[in-house]
1. Restricting attention to region A:210-234, report how many residues are within 14 Å of chain B (Cβ to nearest Cβ) and aromatic (Phe, Trp, Tyr).
2. Could we say that B:Lys249 is under 23 Å from A:Ile59 (Cα atoms) and basic (Lys, Arg) here?
3. Can you find, within region A:247-272, the residue that is nearest to the other protein chains (Cβ to nearest Cβ) among those that are assigned to a helix (DSSP H, G or I), within 25 Å of A:Met299 (Cα to Cα) and in contact (Cβ under 8 Å) with a residue 60 or more places away in the chain?
4. If A:Ile186 satisfies every condition in (1) away from every other protein chain (no Cβ under 14 Å); (2) assigned to a loop (DSSP other than H, G, I, E, B) but one, which is the exception?
5. Which of the residues spanning region B:239-275 are touching a Phe, Trp or Tyr at 6+ places or on another chain (Cβ under 8 Å), in a loop (DSSP other than H, G, I, E, B) and closer than 28 Å to A:Thr264 by Cβ?
6. Name the residue that is nearest to A:Asn5 (Cα to Cα), counting only residues in region A:57-93 that are among the polar types (S, T, N, Q) and buried (at least 18 other Cβ atoms within 10 Å of the Cβ).
7. Does region A:166-184 contain at least one residue that is in contact with an Asp or Glu (Cβ under 8 Å, 6 or more places away or on another chain), among the polar types (S, T, N, Q) and either modelled with pLDDT under 95 or buried (at least 18 other Cβ atoms within 10 Å of the Cβ) (or both)?
8. Return the residues of region B:83-95 that are more than 14 Å from chain A (Cβ to nearest Cβ) and either open to solvent by 20 Å² or more (accessible area, probe 1.4 Å) or at pLDDT below 95 (or both); say none if nothing qualifies.
Amino acid sequence: MINLNVNIAGVLLKNPITTASGTFSAKDSGAFYDINELGAAITKGVSNVPWDGNPTPRIAETYGGMLNAIGLQNPGVDNFINNELPFLKQFDTKIIVNVVGKTINEYCEVVEKLNDTFIDMIEVNISCPNIKEGGISFGANSAMASEITKEIRRISRKPIIMKLTPNVTDITEIAKAVEAAGADGISLINTLLGMKIDVHQKKPVLWNVMGGLSGPAIKPVAVRMVYQVRRAVSIPIIGLGGVMTGEDAVEFLMAGADAVSIGTAALVDPTAPVRIKKELIEFMNQNGYENLQQIREAML
Amino acid sequence: MKKEVFKAEIAENKPIADKIYQMVIKAPQITDNYWPGQFINVYLDDKSMLLPRPVSISSVSEDTVTLIYKVVGKGTEEMASKGPGELVRLSTNLGNGFRLEDVFNEIKGTSSVVALVGGGMGIAPLVGLARLLAKEKKVRGLNDEDLKIVAFVGFQDEPVLLETLEDSCNRVYFSTESGAKGFKGNVIQLIKKTGIKVDYYIACGPKPMLKTLAQICKNTSIPLQVSLEERMGCGYGACVGCVSKTKEKETSKFKMKKVCADGPVFFGSEVVWDD
């Protein structure tokens, strides 16, 4: 009998499949699959006030990957709590809300408002490459990462997961810093900063010039970083970056992740989260794994 | 509504002009719920190309759906390489189509003219729209004196689908930019030249064309619906990659709406064209 349960910072997920922030919309994704199948739904980044995001084009396809420069368009935390959260309440899955901001105060304002909601966890995005201030600047420096983690830890009544950027020299330094500052978990990796030029038009494809690279093209980088961070910290890790199949999920678990997020795969195949979960179960059946712990320890 | 991605059999896939193809697919899942102006995602076999290609539904018959597409890159090249009997992966219907109720509310049905305006591949969804308009006209007991459906369509060099459109329109006017056939010029120049008094415009085509038409409609208080095109990621509302700035009618507040899930059809008056 296969057991897919996993405990992330005191929250019991019924399986390790979560949705990567920014690639999941309850109403739109829910038209393609049953959200109850997810271990957790991680929602799109939400800020203290509504953000318009970047002008278009925001999307560019690359070989085996894609660039995005959405710029964290979102309706703001009040609209989110009033109009989007109630819909999510009906599902038998954990709800993790991704939080963004330009200053520590902005992050804290959102976290405070979420304290009084039913959500299970907060994922703090300190790694978005597409906004000028805040975002990535918190995640690219140990001191800054530590400071924001401490502040949010102080006011949050929910477990906090810090989402890290791969655009750093040593990911383990940042991971250790957020762990020491009180993070309950870590998500990695966010997108890699990239760029595409239209050689006929002689200009960048994205309005924002640069954007975040995701998809299978970045999977080896993500697996490597999960592997390194697993050996540097003891808090739970949600691994992501190009998970397209059940075997990809297994790869992240073997590298040391406790759960995985499905992002770009859901754009390529809207039903990807449930398909990947099914493939993970098939892999476990075929290879004699009864629980996720056995996969995580397989390489030790 | 429940949506899905599925494999369907191609019944026909042939060029109808230079680089322009017509693909007919057996897909009752799509025809059952079709409304003109909707699109579908075509998912490619070559896994190096991750993102689906959103293609507007041109028309449907009993159990087949017709796509008209232009080969512009590797993704559409792959689509063009497929033959009858081969399978193609598709999504079910995406997006919201043209709002017919609004058309009939506005025109009141007395010597009215509804004009369909298409630029380039923008002609594709107008075929299904023209058919539904013609059908609705009959259902509502309107004759040609009450309501005329005309089309203005513009092309680079070579017109396509003119006869198909003529089947459901009272008159089809066309132009080519090169002057190779028909009136020489773009579709806006064509509209001006014919000088027909129009009571309602419905348009699909390049943004500059839609923007100019929206300006004309604003100045003359003629209602307009447009189908917008934007580079998409998922095509179903999850990634927020394709947006258009719009103004809420009631509150005058600005909003970044998703072209795929909130559109692709918008009222010309709600789109903020200058940004």
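The values are calculated or read from the model by the stated rules, or taken from the named source; none is laboratory data. Computed from a prediction, not measured in an experiment: that's the story for all the values here. All Cβ positions, glycine included, derive from the backbone under ideal geometry; neighbour counts span all protein chains shown. Note: areas computed on protein heavy atoms with side chains; ligands, DNA, RNA excluded. Shrake-Rupley method; radii C 1.70, N 1.55, O 1.52, S 1.80 Å.
1. Keep residues of region A:210-234 that are within 14 Å of chain B (Cβ to nearest Cβ), which gives A:211-219.
This time we only want the ones that are aromatic (Phe, Trp, Tyr), so: none.
Residues in region A:210-234 being within 14 Å of chain B (Cβ to nearest Cβ) and aromatic (Phe, Trp, Tyr): 0 in total.
2. Values: under 23 Å from A:Ile59 (Cα atoms): no; basic (Lys, Arg): yes.
No, not satisfied.
3. Here the residue is A:Ala249.
4. Exception for A:Ile186: condition (2).
5. Correct list: B:Cys260, B:Ala261.
6. In this case the residue turns out to be A:Thr93.
7. First, pick out the residues of region A:166-184 that are in contact with an Asp or Glu (Cβ under 8 Å, 6 or more places away or on another chain): A:181.
Now narrow it down to the ones that are among the polar types (S, T, N, Q): none.
No, every residue in region A:166-184 fails to be in contact with an Asp or Glu (Cβ under 8 Å, 6 or more places away or on another chain), among the polar types (S, T, N, Q) and either modelled with pLDDT under 95 or buried (at least 18 other Cβ atoms within 10 Å of the Cβ) (or both).
8. B:Pro84, B:Gly85, B:Glu86, B:Leu87, listed by residue number.
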